[in-house]
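As C-alpha cells, the structure follows; a few thoughts come after it.
Each reported figure results from applying straightforward, stated rules to the coordinates on display, with no laboratory input. From a predicted model like this one, the values you see are computed outputs, not experimental measurements. When we count neighbours, we look across all protein chains shown, and the Cβ atoms used for this are built from the backbone with ideal geometry, even at glycine.
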Amino acid sequence: MVITPKNIIAIQIRLNKNMVLQYDYPLKSHNTFHFDVYAEYFSAPRNVQEITEVLTAPILKNKSCFVLGGGSNVLFQSNFKGLILKPDIQSIQVIHQTAQSVWVEVGAGVDWDSFVEWSVSKGHYGIENLSLIPGNVGASPVQNIGAYGTEIMDVITQVNGIFLDSLETFSFKNSQCEFSYRNSIFKNSLKGKTIITSVEFVLGKRGNIKTSYGGVAQEVERLGGYSLKNTRQAIINIREAKLPDPAVIGNVGSFFKNPIVENTVMNKIIQEFPDAPIYKLDEGYSKIPAGWMIEQCGWKGKTLGNAAVHKNQALVLINKTGLANGQDILALAHEIEKSVKLKFGIEISKEVNVVS
Ligand SMILES: Cc1cc2nc3c(=O)[nH]c(=O)nc-3n(C[C@H](O)[C@H](O)[C@H](O)COP(=O)(O)OP(=O)(O)OC[C@H]3O[C@@H](n4cnc5c(N)ncnc54)[C@H](O)[C@@H]3O)c2cc1C
C-alpha cells in the first residue's frame with residue numbers, strides 16, 4: 001500500500017488527562033454529503049468545562065472555530081483550517097412537570113431523532129411530526145427545524161450556550177431567539193458566534209396530533225389509527241419513501257428554502273402558471289415551493305458532473321457518484337438559481353450552511 005498523508009491515522013494531541021485534540025481529522029463521516037474533507041483540528045467535548053478547556057488551549061489561539069452537529073445541513077467547500085468543535089453533551093433531563101406539561105433540558109450532542117423517540121415513548125406530545133430529521137439537538141434551534149406542520153420554535157422554551165469569543169454563557173428565552181421560517185438569531189446576527197450546549201423544551205402530557213399534512217392522516221389510519229406512536233411511524237414511513245437516505249446517497253435534505261414573496265409577485269406567477277402550488281401567508285405574502293420551480297425549469301433528475309438533482313425530489317441535490325465535492329454541488333446550485341431567476345424572476349436562497 002502506498003502511504004499518503006490521507007491514509008495515515010489522524011494524529012492526537014493530548015490537551016490534558018481527559019481530553020485529546022485530533023489533528024488533520026477526516027470529516028467524511030461527519031457530513032451527510034460525504035465530502036472527503038479534513039479538519040485541521042477536531043474536538044468533541046462532553047460538557048461545558050471541556051468546551052472551555054478546548055477553546056483556551058494555547059495551540060488553538062487565533063484559530064477559527066466552526067461548531068458542527070451531525071453535519072446534515074453543511075456544505076464544506078474545502079478542508080477546514082482551524083478547529084471543528086462538535087459538542088458531545090449527551091443528556092435528557094426532566095427539569096419540571098405539571099399535570100399537563102413536562103419541561104425537558106436536552107444536551108446539544110443528543111441525536112435529534114433519539115430525542116423524538118424518547119418523547120413519544122414517554123407519551124409526550126409536541127415533536128412527533130419532526131421524526132427522522134437527521135442531526136443533533138444543538139442544531140435544532142439554528143434553522144428552527146420544521147416538518148409536517150410543526151416547527152421546533154413551537155416547543156422551545158430556552159436555548160443555553162456559550163459565546164465563542166468571550167466564553168461567557170447565555171440563556172435565551174424563546175422570544176429572544178428571533179425564530180422564523182428556517183431561521184433564528186443563530187443563523188443571523190449570532191451566526192458562527194455561539195456554541196449551543198443544551199436546549200429546553202416544553203412537551204404536552206396531552207395534546208392534539210397534527211395529521212393534516214402530506215398524507216399523514218391516511219398513513220396513521222393504515223397503521224391502526226390516531227395515536228402518538230402511529231403518527232411517529234407514519235412520518236417515518238412517508239419520509240423513508242420520499243427522501244434519499246443520506247447513509248446511502250450523500251445529501252442535506254432541502255438544499256434551498258421555499259421563497260416567501262409579495263402577493264403582487266405571486267399573482268403574476270399564477271397568471272402564467274395557473275397550477276402553481278401556492279401557500280398564502282399572512283400580511284400580503286405567499287410561499288412558493290422552490291422544488292416546484294426547479295422542476296418547472298427541467299432540473300429534476302439532471303446530472304452535472306458528480307452532482308445531481310434527485311430524481312424524485314427536485315429540492316434535494318445529491319452527491320451522485322460519491323466523488324462530488326463542494327464545488328461540484330455549488331456549481332449545480334448556481335445553474336439552478338440562474339434558471340429559476342430567469343423563468344420566475346425569483347431568487348432562491350440556500351438552506352444549507354456553506355463552510356469555507
Ligand atoms: C435527508 C434529510 C432530511 C432533512 N429534513 C429536514 C426537515 O424536514 N426539516 C428541517 O428543518 N431540516 C431538515 N434537514 C436538515 C437538517 O437535518 C437540520 O437542519 C438539522 O437540524 C441539522 O442538524 P445537524 O446537527 O446535522 O447540524 P449541522 O449540519 O452540523 O450544522 C448546521 C448548522 O448549525 C450549526 N450548529 C450545529 N450545532 C450547533 C451548536 N451546538 N451550536 C451552535 N451552532 C450549531 C452549524 O454551525 C451549522 O451552521 C434534513 C437533512 C437531511 C440530510
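The condition of being touching a helix residue (DSSP H, G or I) at 6+ places or on another chain (Cβ under 7 Å) and touching a residue at least 24 places away in the same chain (Cβ under 8 Å) does not hold for residue 102. Filter the stretch 11-32 for residues that are loosely packed, with under 15 Cβ neighbours inside 10 Å and touching a residue at least 40 places away in the same chain (Cβ under 8 Å) and give the result. Once the filter is applied, which keeps residues that are loosely packed, with under 15 Cβ neighbours inside 10 Å and touching a residue at least 40 places away in the same chain (Cβ under 8 Å), the stretch 11-32 yields only 13.
The residue that is surrounded by the fewest Cβ atoms within 10 Å (Cβ to Cβ), counting only those in the stretch 235-251 that are within 10 Å of the ligand (Cβ to nearest atom) and of a type in the set (Gly, Ala, Ser), is 247. Only one of the listed residues (166, 171, 175) is under 30 Å from residue 45 (Cα atoms), assigned to a loop (DSSP other than H, G, I, E, B) and free of Cβ contacts under 8 Å to residues at least 40 places away in the same chain. That residue is 166. Residues that are under 13 Å from residue 152 (Cα atoms) and in contact (Cβ under 8 Å) with a residue 40 or more places away in the chain were ranked within the stretch 178-193; the one that is surrounded by the most Cβ atoms within 10 Å (Cβ to Cβ) is 184. In the stretch 178-193, which residues are out of contact with any helix residue (DSSP H, G or I) (no Cβ under 8 Å at 6 or more places or on another chain) and not in a strand (DSSP E or B)? The answer is 181, 182, 187, 188, 189, 190, 191, 192, 193. Scanning the stretch 300-356 for residues that are of a type outside the set (A, V, I, L, M, F, W, C), within 16 Å of the ligand (Cβ to nearest atom) and surrounded by 15 or more Cβ atoms within 10 Å (Cβ to Cβ) yields 310, 313, 319, 320, 326, 350, 351, 353. Considering (1) more than 16 Å from the ligand (Cβ to nearest atom); (2) acidic (Asp, Glu); (3) within 21 Å of the chain's Cα centre (by Cα), the lone condition that residue 221 does not fulfil carries the number (3).
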